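Below: the structure, in structure tokens.
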Amino acid sequence: AKVLGSDPKTDVAVLRIEGEPGQPIRMASTMPPQGQAVATIGAPNGWSYSLSAGLVSRYGSAASQFENRPMLQIAAPAIGGSSGGLVFNARGEGVGMVSFGKSQFQQAIPIDQVMAAAAVFQAIHRAE
């Protein structure tokens, strides 16, 4: 994979992966309400393609390096190696990307922010 760009302020990186394209994932047009079921796919402790289920525990902002950006907090065991994994709603649509967490609570970047960062990096790469 080749890194097209990264933004430490939003914790988003965009990669170009060589090979046949996979099945695209549909992105949700709205965020799931608090209490709704979500799932993540990641690699906690190096165990690839691990599916974890949980729920939206709150909406808020994350301080520190993320400059108080809006975040989606999920209660799902998606720790240690799951950063960058997609968060899905009950319809299988992408609603966020796992960023960081502690214990059973994980912070996810809302999918609209992820897609906006991706669009910027893709435009820059096309212009080069």
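The values are calculated or read from the model by the stated rules, or taken from the named source; none is laboratory data. Keep in mind that this is a model prediction, so the values were computed, not measured. Cβ placement follows ideal geometry from the backbone for every residue including glycine, while neighbour counts extend to all protein chains displayed. Accessible surface areas use protein heavy atoms only, side chains included; no ligands, DNA or RNA. Shrake-Rupley method; radii C 1.70, N 1.55, O 1.52, S 1.80 Å.
Under the combined filter of DSSP loop state and at most 11 neighbouring Cβ atoms within 10 Å, region 1-66 retains these chymotrypsin sites (Phe, Trp or Tyr not before Pro): TRP47, TYR49. The residues of the chain have, on average, 60 Å² of accessible surface per residue, using a 1.4 Å probe with all protein chains present. Label point of LEU55 set 7 angstrom out along Cα-Cβ; within region 86-114, amide nitrogens under 18 Å from it belong to 88-92, 104-108.
Debye-formula intensities of the chain, expressed as log10 I(q)/I(0) at q = 0.14 Å⁻¹, are -0.60 (one equal scatterer per alpha-carbon, no solvent). Loop-resident GluC sites (Glu not before Pro) (DSSP state other than H, G, I, E or B) in region 4-106 with no more than 15 further Cβ atoms inside 10 Å of their Cβ: GLU18, GLU67. Rounded to the nearest percent, how much of the accessible area of the chain (1.4 Å probe, protein heavy atoms only) is carbon and sulfur? About 57 percent, which is the carbon plus sulfur part of the accessible surface. In the chain, excluding the sites themselves, the longest stretch lacking any of the trypsin sites (Lys or Arg not before Pro) that are in a DSSP loop with at most 12 other Cβ atoms within 10 Å is 27-90.
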